[in-house]
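None of the figures in this text is laboratory data; all of them are computed from the coordinates on show. Keep in mind that this is a model prediction, so the values were computed, not measured. Please note: Cβ atoms are built from the backbone with ideal geometry, for glycine as well, and neighbour counts cover all protein chains shown.
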Amino acid sequence: MDKRLLDVVIIGGGPGGLSTALVLGRSRRTVALIDDGKPRNAVTHLSHGFLTRDGVKPFELRSIAREQLKPYKTISLYDDYVETVQYEESHFKTITRNGDIFLSRKVMVATGLKEELPPIPGLDEIYGTSVFPCPYCDGWEHRDQPLAVIGNGEKLLNYTKMIHHWSKDLVVCTNGPASITQQEKQELTHHHIRLVESPIRELMSRGGQLNQIIFQSGETIKRSVGFLLDTGAKQATMIPQQLGIKLDELGSFETKGHGTTNVKGLFIIGDAAKRFTGLIGAASEGYAAGVVLNHELVEEDWNSFL
Ligand SMILES: Cc1cc2nc3c(=O)[nH]c(=O)nc-3n(C[C@H](O)[C@H](O)[C@H](O)COP(=O)(O)OP(=O)(O)OC[C@H]3O[C@@H](n4cnc5c(N)ncnc54)[C@H](O)[C@@H]3O)c2cc1C
C-alpha cells in the first residue's frame, strides 16, 4: 500500500487519462495512473484524425505519450486493473487486482468502453480491419469503395446518409426485417441504395479483409468494407457506479461540465462519459478536466487554514 495521500489517481491510460496525467504532472501533482492496456481501438491497425498523428498505430500513440510523461517525476504509471474505489472520510481508496491500494484526494475515471459485437458469424475476425464503427475514423481510406452498412432501427437512415457521403456504392443490410418507415425505404431507393433484409449468414473474409456477405436467402454480395451502426459498446468498468454515479439512457456515466460529477472529487472523461469522443476528443477532455481538477486542489489548499 502506498501510504502517501496522492493528489490524483487516474484510472485508464488511453488518450483521456494520459492527457490528464500530462497536465497534472506539469501542475506538480502527485499522480498514479493505472491502466490495464486494453484500449477500445486496439483491434485497428491505424488510427486517424488526431492532429499531427493521422495514421498512427493505436499503441504507438500511447507509448509516445507515456514516454513524454517521464520527465514529470511526480507521475507513476502502473500496469494493473482497478477493482474498486471507495470514498473514505475525506479521500478515495483505490484497490487493484494486484492488491495495491492507493489513497488520493481526487479520482479521474477514463476507462472507456468495450464492444459487445452483434452475433454475426465472421464479424469478430474483421471488426477494426474491414468493418468499422465510425466514418470519420476510417471513411477516407475506403471512399468510393463497395461498402455495406450493417444495422437497423431508428438511427439507420442518418447513419446511412453519413456513409453514403463517403461512397455511393452502398448496400444496407438490416440482418432481418428492416424497422424503418416506408418513407425511409423510399429515400434509400431514391439514392440507389439497395436494402437487404435477409439475415446475414456470414461475413466472408481473407486476412482481415471482407470480401463478401452471404445471406440466409442464399444471395451473396461482394463488399470490401462494412460500417456497423450498433457495436454494442458497454462501459469497460462500473467503478463510477460503486460511487453512486448513474448511467444515462445511452449508457454513458452522467457527468457535468469538464468531467465533474455529482460526487465531489470524482471526474469522468472520454468514451465513458460521451460514448465516442474519438482520440483527440478524449485527449481534449482529459486536458480540460485536468485543469479544472488542479484548480479545485489549488482552492482547497489555499483555503485549508479556514
Ligand atoms: C474499431 C475502432 C476504431 C477506432 N478508430 C478511431 C480512429 O481512427 N480515430 C479516433 O479518433 N478514434 C477512433 N476510435 C475511437 C477511440 O478508440 C475512442 O474514442 C478513444 O479511445 C477513447 O479514449 P478513452 O481514453 O476514453 O478510452 P480508451 O482509449 O478506450 O482507454 C481506456 C483505457 O482504460 C483501461 N481500463 C479500463 N478499465 C480499467 C480498469 N478498471 N483498471 C485499469 N484500466 C482500465 C483500458 O484498458 C484502456 O487502456 C475507434 C474506436 C473503435 C472501436
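List of remarks:
- Considering only region 123-228, percent of DSSP beta bridges that pair antiparallel, nearest 5: 40 percent
- Centroid-to-centroid separation of region 62-106 and region 202-247 [C-alpha atoms, Å]: 32 Å
- Region 149-191 - convex hull of alpha carbons, volume per residue in Å³: 63 Å³
- Spherically averaged projected area of the chain from its Cα convex hull (nm²): 17.4 nm²
- Globularity index of region 211-296 is 1.55 (Cα radius of gyration / 2.2 N^0.38 Å, N = number of residues).
- For region 218-263, the list of trypsin sites (Lys or Arg not before Pro) that fall in a loop by DSSP and count at most 15 other C-beta atoms within 10 angstrom reads LYS246, LYS256.
- For region 178-230, the alpha-carbon coordinates run over 39, 22, 20 Å along the three principal axes, in decreasing order.
- Taking every Cα-Cα distance in region 1-115 and sorting them into 5 Å bins from zero, the calculated P(r) comes out as 2, 12, 22, 23, 19, 12, 6, 3, 1, 0 percent.
- Spherically averaged projected area in nm², based on the convex hull that wraps the Cα atoms of region 212-253: 4.8 nm²
- Annotation: region 54-105 has a Kirkwood hydrodynamic radius of 13.3 angstrom, from the mean reciprocal C-alpha pair distance.
- Axial C-alpha extent at least 20 Å, average Kyte-Doolittle at least -0.5 - helices from the chain (DSSP): 279-302
- Out of every Cα-Cα pair that region 101-165 contains, those further apart than 15 angstrom amount to 65 percent.
- 11 Å beta-carbon shell around ALA178, net charge (K/R +1, D/E -1): -1
- Among the cysteines of the chain, those whose beta-carbon sits 4.7 Å or more from every other cysteine beta-carbon are CYS173.
- Per residue Cα convex hull volume in Å³ - calculated over region 123-228: 88 Å³
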